[in-house]
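The values are calculated or read from the model by the stated rules, or taken from the named source; none is laboratory data. Bear in mind the structure is a predicted one, so any value in this text is a computation, not a measurement. Note that we place each Cβ from the backbone using ideal geometry, even for glycine, and neighbour counts take in every protein chain shown.
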């Protein structure tokens, strides 16, 4: 059970970090820049929020399968496949929440910083500092979404014991086998992970 919990945290944590590296700069860019078809880009971003996770799993499965473009890499049914799928799922979530949270903040901060003579790099750094809690909240939401995902993770990971078995897939497996004690125990762990993350976030906000 410890290995299952550890793998869940590593896979989902890594996927969330990868998604944040892409999504947060994208959210800042969308909030600061005016360009043609910006509304279309935001519309596409919001559309991806409604895409079922199992569809993302299917696309990743086809891409990583033996006959897929990345088939020779042998990533299917590995933790890396789960990271890729979860990162794709988390990216639009983090980006949309970041954009929504800092939309007004970015405009005001940008105008004030430029009036004081700041260049583009300094403006971006100032926005990141001012919106750090908004970004952190978006990342936490992304992590909470992917760590609780079952179908997609099962599809690309295969639920292989000792290799790709994580908490959600273990809960599903043990419940179907009638081992409700294990399922309940892991469900409690998932709950406490959420509690710990939110407590940590509140402490950071307090500081």
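Numbers below:
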| read-out | value |
| --- | --- |
| Helices (runs of 4 or more DSSP H) within region 81-173 that include 1 or more residues buried (at least 17 other Cβ atoms within 10 Å of the Cβ) and more than 19 Å from the chain's Cα centre (by Cα) | 120-130 |
| Breaking point among (1) modelled with pLDDT under 90; (2) farther than 24 Å from residue 105 by Cβ; (3) touching a helix residue (DSSP H, G or I) at 6+ places or on another chain (Cβ under 9 Å), for residue 25 | (2) |
| In region 29-40, residue nearest to residue 102 (Cα to Cα) [restricted to those that are out of contact with any helix residue (DSSP H, G or I) (no Cβ under 6 Å at 6 or more places or on another chain) and at pLDDT below 90] | 29 |
| Residue under evaluation residue 47, criteria (1) touching a helix residue (DSSP H, G or I) at 6+ places or on another chain (Cβ under 9 Å); (2) in a helix (DSSP H, G or I); (3) surrounded by 12 or more Cβ atoms within 10 Å (Cβ to Cβ); (4) without any contact (Cβ under 8 Å) to a residue 12 or more places away in the chain, criterion not met | (3) |
| Exclusive hit being more than 27 Å from residue 184 (Cα to Cα), in contact with a helix residue (DSSP H, G or I) (Cβ under 6 Å, 6 or more places away or on another chain) and in contact (Cβ under 8 Å) with a residue 40 or more places away in the chain, set 75, 89, 58, 97 | 97 |
| Failed item in (1) modelled with pLDDT of 90 or more; (2) part of a helix (DSSP H, G or I); (3) surrounded by fewer than 17 Cβ atoms within 10 Å (Cβ to Cβ), with residue 61 passing the rest | (3) |
| Close pairs from region 164-180: first closer than 18 Å to residue 13 by Cα, partner at pLDDT below 85 and in a helix (DSSP H, G or I), Cβ under 7 Å, at least 6 apart | 167/190 |
